[in-house]
Amino acid sequence: MRSLFSKSVVIAVLSGAATGAHAAGDVASMLIGQYATQAKQENAVFPGFSAQQGKAFFLGRHGNESCTGCHTDNLKASGKHAKTGKVIEPLAPVANPIRLSDPAKVEKWFKRNCNDVLQRACTAQEKGDVMTWLVSIK
Amino acid sequence: MKTLACLFLSLSVLSFPVMADDDDEHHGGSARYGKYNGENRGKTALSGKGNNVWNQECGSCHVAYVPGLLPAESWRKIMGGLDKHFGADASLTPQENREILDYLVVNASNRWRAPTAPLRITESYWFERKHDEVSPAVWKRASIKSPANCNACHAGAANGDFEEHRVHIPR
């Protein structure tokens with residue numbers, strides 16, 4: 001009886017842990033889904049999201065700026081703020097599991113950093129592409 | 001004559017401590033506002049861990065500068081212009097902004113007597129005086145980058161610990 005109970009507890013805890021590990025991925029998927037909905041509204045012929053496109057967008061230069069200025073071109077490594085030198089934790093969820101797990105935080109940083117790098121808001125297409133790329137990084 | 005001499009002597013002696021403190025009189029400033037021409041930081045050591053929202057938001061791109069380093073009016077100006085925060089967009093929701101501003105104002109310098117409110121800590125008189133022995137070349141070291149990077153030399157900057165004997169200037 002006792003060992004059955006403790007086995008059930010172990011199984012419950014493990015499933016809980018597994019659910020926890022997937023939760024962040026679920027949030028990212030949910031956000032990508034939301035961006036897809038918005039992208040369809042912005043573009044009748046929305047082609048879907050592309051990790052390749054997201055990668056090019058993120059790593060590329062936009063005027064004088066690039067996302068890599070702070071995040072570097074290796075998203076599994078820590079970056080450094082271009083001006084202050086402050087360490088920025090890795091952005092790829094595979095290297096830093098809390099990334100992309102908080103929708104408000106994702107939106108906040110898209111708002112700020114797209115303004116910084118592009119001097120405008122990112123489109124839903126761009127956000128979805130970038131997120132698709134980030135979650136695909138192994 | 002003797003009385004006059006006594007008076008003169010006592011006045012000189014009384015004012016001696018003020019004159020010996022070169023923080024006020026040098027640099028052509030007036031002692032009208034007191035130490036550091038009135039631009040004096042307050043208590044910097046954090047009580048507890050500070051405020052979570054402040055720490056999270058204000059500490060994401062640079063060390064979260066503890067509120068005691070500037071007067072309340074400086075913080076009001078900063079928080080009123082976050083979309084153009086020294087070249088970056090640091091904007092917040094109205095609720096986050098309010099919570100952080102309240103925290104900053106309550107814990108701002110209580111020793112600031114001048115009617116000034118600089119946007120940069122590094123432009124305050126106390127900062128300039130406290131760092132006047134640091135040569136320009138030192139600020140440019142790759143390990144430091146700029147005077148805004150407090151924690152390069154003050155390991156406890158995030159906690160408001162700027163104790164002089166804990167300063168370590170990296171190469």
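A few notes on this one:
- Wholly within the stretch B:52-171, helices (runs of 4 or more DSSP H) carrying at least 2 residues that are farther than 29 Å from A:Lys111 by Cβ: B:125-130, B:136-139
- Check on A:Ala92, more than 11 Å from chain B (Cβ to nearest Cβ), out of contact with any Ser or Thr (no Cβ under 7 Å at 6 or more places or on another chain), in a loop (DSSP other than H, G, I, E, B) and surrounded by 14 or more Cβ atoms within 10 Å (Cβ to Cβ): yes
- Residue in the stretch B:78-97 that is closer than 26 Å to B:His154 by Cβ, more than 14 Å from the chain's Cα centre (by Cα), touching a residue at least 40 places away in the same chain (Cβ under 8 Å) and surrounded by fewer than 18 Cβ atoms within 10 Å (Cβ to Cβ) present: no
- Any pair with Cβ under 7 angstrom, 6 or more apart, that starts in the stretch A:106-120 at a residue that is more than 8 Å from every other protein chain (Cβ to nearest Cβ) and ends at one that is part of a loop (DSSP other than H, G, I, E, B): A:Val106/A:Leu100; A:Phe110/A:Cys122; A:Cys114/A:Arg120; A:Cys114/A:Ala121; A:Cys114/A:Cys122; A:Val117/A:Ser66; A:Val117/A:Cys67
- Checking each residue in the stretch A:30-49 for being under 14 Å from the mean Cα position of the chain (by Cα) and surrounded by 14 or more Cβ atoms within 10 Å (Cβ to Cβ) picks out A:Leu31, A:Ile32, A:Gln34, A:Tyr35, A:Phe49.
- Any chance B:Ser146 is modelled with pLDDT under 95, touching a strand residue (DSSP E or B) at 6+ places or on another chain (Cβ under 9 Å) and closer than 20 Å to A:Lys83 by Cβ: no
- Which numbered condition B:Cys150 misses (of (1) away from chain A (no Cβ under 14 Å); (2) in contact with a His (Cβ under 9 Å, 6 or more places away or on another chain)): (1)
- Just one of the listed residues (A:Asp102, A:Asp73) is closer than 22 Å to A:Val27 by Cα and surrounded by fewer than 16 Cβ atoms within 10 Å (Cβ to Cβ), and it is A:Asp102.
- Answer from B:Arg129, B:Arg120, B:Arg98, B:Arg111 - the residue that is away from chain A (no Cβ under 14 Å), of a type in the set (Lys, Arg) and within 29 Å of A:Ala121 (Cβ to Cβ): B:Arg98
The values are calculated or read from the model by the stated rules, or taken from the named source; none is laboratory data. The structure presented is a predicted model; accordingly, all values stated were derived computationally and were not measured. Cβ sites come from the backbone with ideal geometry, for glycine too, and all protein chains shown count toward neighbours.
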